Amino acid sequence: MNWFLEIVKAVLAALAVFTFLAVVGAMLGVYLERKISGWIQSRLGPKHVGPQGLLQTIADTVKLLQKENIVPSNADAITFNVAPLMAVVAALLAWIIIPFGPAFGRVLVVRDINIGLLFFIGMASLIVIAILLGGWSSNNKYALLGGFRSASQMISYEIPLALAVMVPIMMAGTMSTVGIVEAQRGGWLGIGNWYIFGLPGNRGLLVPGFLAFVVFLTAATAEVNRVPFDLPEADSELVGGYFTEYTGMRFALFQLGEYAEAFAMAALTSVLFLGGWHGPWLPGIVWFFIKMFALVFFLIWVRWTYPRLRLDQLLNLSWKGLVPLGFVLVLVTGWLLV
Amino acid sequence: MGELAAFIILAIVTLLPAVVVVTSRNLVRAAMSLIPSFLGVTGLFVLLQAEFVAGIQILIYAGAIAVLILFVIMLTQGGTGTALRQVNEQQLVGGLVAGALTIALLGLLLRTPWPLVAGTLPRSNVAAVGGAFLTNFILAFEISSLVLLVSLVGALVIARREQ
């Protein structure tokens, strides 16, 4: 009955990760987004529901739960209803390889698989399908345009994302996330061996390490459709893009998927380049959350500071800037490692 | 027991959408059904402990090729709103040929002795795959790279001519 036990464990882990994402990713993420945007724009942000508006997102979620689920009469109903679920499931699956840190004598991770990073990028690429199908099945020109923009954008940025991931993989010699974090242990204050600073015996790798970090963060921002790469949703031109026609909980599921993916990208950036749970003095899990929230803060900061790119600028940045840079980084890293 | 159950479930996940792919009257739905089929094949690869191939299968087939097919179909005229028949008047002949091919293939597969290699698999076969590509299979690897490069340049040439 070993496999039966495995299935029960998988269900429990899925429940735990989903709850974590709904609470930390979506609820806290939306609250932080609104608070920080308010701070940047000299406003107060949500203030009335709960202390400092902390319960605002819960109130919003309850409101969304009560809303009617409308399927447009000309929509492809099955596809329309399945697309948000696909987005959430793909984002949820991406989280299973993220290690939170050591606890109870083991590393807190759902599964440490030997192709972890490949799996993560694969799951991130599945979200495109959900967005494309959601946009198409709505039978609405804005939604369809949003889906198309999303597909061309995410396909273009997957390549620099994968190339940037190659640099830490080559430094660590493994694709397992736990293995990569373990390889960054030690050094000065527990910071010295982070891959953003290169390898301890080979400081020339600082340059490709840092540049790979920049490429990864840029491509990750584009991959999760955030400003300045938010063309698929562009409220001012596309009235919300691919989720224009979605209401109630299905709309919330798309949002949940998006925030879960943004948090996953932040967590993976810290795993790949910032030493994961390693750091001085504080326990590992605390460091993991500090780094993840610092990167989430960075994403929110960028969102409320920069204007949106045009589609041609967006594609040029990927194909003429990040992709060649990524290839050069992989080449230089290989050359320095040999 | 668990492995057999997993295989049966994965086979259903792979084959049912595949039937939809070749029968659906809606082209987008047909292309969409490719995705669960690809994911089922991924599961079969995992069952065979070929994790690297499984990861590539998700990334390339489900994440990129299916998206490109959908993208192109959604942009074409016949893509949305029209019902297409996927079969013509030659159904009987086609079915006979397919049946004959199935019987031939089944006979071949059942007669072939499949060698089983003893020993344990390495924890990660990524490095081995990469090493094989750059040593024993370098010619095939380089030729496929060249084919992809040529198709990329060809696509660029076609796209530029319109301007």
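The values are calculated or read from the model by the stated rules, or taken from the named source; none is laboratory data. These figures come from a predicted structure and were not determined experimentally. As a convention, Cβ positions derive from the backbone with ideal geometry for all residues, glycine included, and neighbour counts pool all protein chains shown. SASA here: full protein model, heavy atoms, side chains in, ligands and nucleic acids out. Shrake-Rupley method; radii C 1.70, N 1.55, O 1.52, S 1.80 Å.
Per-structure values
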| quantity | calculated |
| --- | --- |
| Test: residue in the stretch A:233-241 that is at negative phi, in contact with a Leu (Cβ under 7 Å, 6 or more places away or on another chain) and either without any contact (Cβ under 8 Å) to a residue 60 or more places away in the chain or open to solvent by less than 10 Å² (accessible area, probe 1.4 Å) (or both) | yes |
| Number of the condition not met by residue A:167 [criteria: (1) open to solvent by 40 Å² or more (accessible area, probe 1.4 Å); (2) more than 11 Å from chain B (Cβ to nearest Cβ); (3) part of a helix (DSSP H, G or I)] | (1) |
| Residue match in the stretch A:190-206 (condition: part of a helix (DSSP H, G or I), open to solvent by less than 10 Å² (accessible area, probe 1.4 Å), in contact with a strand residue (DSSP E or B) (Cβ under 8 Å, 6 or more places away or on another chain) and away from every other protein chain (no Cβ under 14 Å)) | yes |
| Hey, residue A:85 at pLDDT 85 or above, in a helix (DSSP H, G or I) and open to solvent by 40 Å² or more (accessible area, probe 1.4 Å) or not | yes |
| Candidate set from the stretch A:101-127 (those that are free of Cβ contacts under 8 Å to residues at least 40 places away in the same chain and facing another protein chain (nearest Cβ under 9 Å)); member that is most open to solvent (accessible area, probe 1.4 Å) | A:119 |
| Listing of helices (runs of 4 or more DSSP H) fully contained in the stretch B:1-106 that carry 2 or more residues being within 13 Å of chain A (Cβ to nearest Cβ) and of a type in the set (Gly, Ala, Ser) | B:2-23, B:27-47, B:51-56 |
